[in-house]
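The values are calculated or read from the model by the stated rules, or taken from the named source; none is laboratory data. Remember, it's a predicted structure, so these values are computed and weren't measured experimentally. All Cβ positions, glycine included, derive from the backbone under ideal geometry; neighbour counts span all protein chains shown.
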Amino acid sequence: MKTEIVNPFLGNFISSLRDVGYTFEIAVADVLDNSISASAKIVKIEALSDPEPSFAMLDDGTGMTEKELVEAMRLATRGPEELRGKDDLGRFGLGLKTASFSQCKRLTVVSKKSGVLSARVWDLDLLAARNEWVLITPNVSDLARFPMMDQFVASNHGTLVVWEILDRYEKANFVNEIGKLRRHLALVFHRFLEGITPTKRLKIYINGNEVKAFNPFNPEHKATQQSPEETIKVRGAKIKIQPFVLPHHSKLSQQEYERYATEEGYTKSQGFYLYRANRLLIYGTWWGLHRAIDAHKLVRIKIDIFNDQDRLWGIDIKKSTATPIPEVRSDLTRIIRQMTEKGSRTYSVRGRKIVDKAVIRFWQLIATSGDRIRFALNTEHPLYLELSAKTDADLLGTYLGGIQAYLPLDAIQAQLQQSPHQIDQEGALTEEEIAELAKRLKTSCLSKDFIDEFLKTEIFKARQGLLK
């Protein structure tokens, strides 16, 4: 058997490696995983758009010796099947490198352990020119220009990661990337920021401003429905699952409602939220087990796994996609059925209020053929009866029939989904107009029974004194 060695052209290989699919915020989160694994308590990020896009991250973790740093700079320094500590957020030994290469052409890592400083650099242009994995050891004097270097020098341990030549961003749009980064870190690391895991409590600062945790389940709100946690076992692995139904918009302020919608909106944020070793990996997905619909937009299901279950979930290098195996999917399907039914009640219960017998409403639900329904004006309403007796009944019927037939349901639904707090339907009838109507009714010599009927209407139900 004849063999030969065929090495890749590093320039082409690196170009392909850079296009794995990282976004800026996902790449930063992947690098930050290393800080958490190194027991960092504080992570400071400097991300600036002026004069050119730049990025640096400093942590106060345990740091690395020179030998450890060289190994950390090696691609695939640890295999995906290698046993890790239960709090280790890595898997492939690629995160630092692939995440950094996807964003910049020059990666510098400076680390200090027990007061001893070490530094190494990957320069992608040099790799392509030499067609060799040439790792640079910079002069200490070259490091002085880096952001937060003075803080690093003053510490006894920690690691500084610097990205230079961020060639995939224009200065103008990098500001938006910084905003997305803040929101992303607040979400994916919210447990560490909240201190839910006391031994891993973390503070993150971006350009001097602390990142506040964003818990997507709004568990502290009294209107949040929180189901008991369930533990399932698959191939000997324990998976913890806990469903939530977020509060209806009527229970929240506009600001809070919009915050928990996230940037994606409620419809796209429904579904499963997968945590691995307390770090949120995947969110806002049903994994093809259910269709995202508005009626279930408040349903969010939390899943907790350990870092030895990656094969059960098909977690990728970026830790941003997953595909659970069939044994897991069957349990998830069962839980989906239970929770989507519960999540729908928020809307169906409110929908049934239109047929409440205690209130005479302007609108009613009418059953038509084929199990269909339509909204119709209540022709038994006292105002309708009074008006129809004093005007052309046919003309009035045609006008009101047109209102019913052309009710803008699509526009109403769209507004309720996008900005429910901006709808001010009750403002169409002012308090002055209602008071004037009451005055006219009281001087119309109406019978007591007729007045009693008016007191049951939506207008006067909470304004009994106006007709008495």
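Points to keep in mind about this one:
- On inspection, VAL28 does not qualify as under 26 Å from the mean Cα position of the chain (by Cα), at negative phi and surrounded by fewer than 21 Cβ atoms within 10 Å (Cβ to Cβ).
- Test for LYS251: is it closer than 23 Å to PRO420 by Cα, surrounded by fewer than 19 Cβ atoms within 10 Å (Cβ to Cβ) and among the basic types (Lys, Arg): yes
- Where ASP452 falls short, out of the listed (1) surrounded by 10 or more Cβ atoms within 10 Å (Cβ to Cβ); (2) modelled with pLDDT under 75; (3) within 30 Å of LEU298 (Cα to Cα): (3)
- In region 345-384, the qualifying residues are those that are under 18 Å from SER227 (Cβ atoms) and in contact with a strand residue (DSSP E or B) (Cβ under 9 Å, 6 or more places away or on another chain), and the one that is modelled with the highest pLDDT is ARG345.
- Some residue of region 323-331 being surrounded by fewer than 21 Cβ atoms within 10 Å (Cβ to Cβ) and either in a loop (DSSP other than H, G, I, E, B) or among the aromatic types (Phe, Trp, Tyr) (or both): yes
- Test for ARG276: is it surrounded by 19 or more Cβ atoms within 10 Å (Cβ to Cβ) and at pLDDT 90 or above: yes
- Entirely in region 204-307, the strands (runs of 3 or more DSSP E) that have 3 or more residues that are of a type in the set (A, V, I, L, M): 237-245, 279-285, 299-305
- The requirement of being closer than 19 Å to PHE152 by Cα, at pLDDT below 95 and not acidic (Asp, Glu) is fulfilled nowhere in region 77-87; no residue meets it.
- Any chance THR340 is in contact with a His (Cβ under 9 Å, 6 or more places away or on another chain), over 30 Å from VAL20 (Cα atoms), modelled with pLDDT of 85 or more and not in a strand (DSSP E or B): no
Yes/no per residue for (1) modelled with pLDDT of 95 or more; (2) buried (at least 22 other Cβ atoms within 10 Å of the Cβ); (3) among the basic types (Lys, Arg); (4) within 31 Å of the chain's Cα centre (by Cα):
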position: GLY11; (1), (2), (3), (4): no, no, no, no
position: ARG18; (1), (2), (3), (4): no, no, yes, yes
position: GLY21; (1), (2), (3), (4): no, no, no, yes
position: LEU32; (1), (2), (3), (4): yes, yes, no, yes
position: ALA40; (1), (2), (3), (4): yes, yes, no, yes
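- Enumeration of residues in region 146-177 that are more than 21 Å from PHE101 (Cα to Cα) and either touching an Asp or Glu at 6+ places or on another chain (Cβ under 9 Å) or not β-branched (Val, Ile, Thr) (or both): MET148, MET149, ASP150, GLN151, PHE152, ALA154, SER155, ASN156, HIS157, GLY158, ALA172
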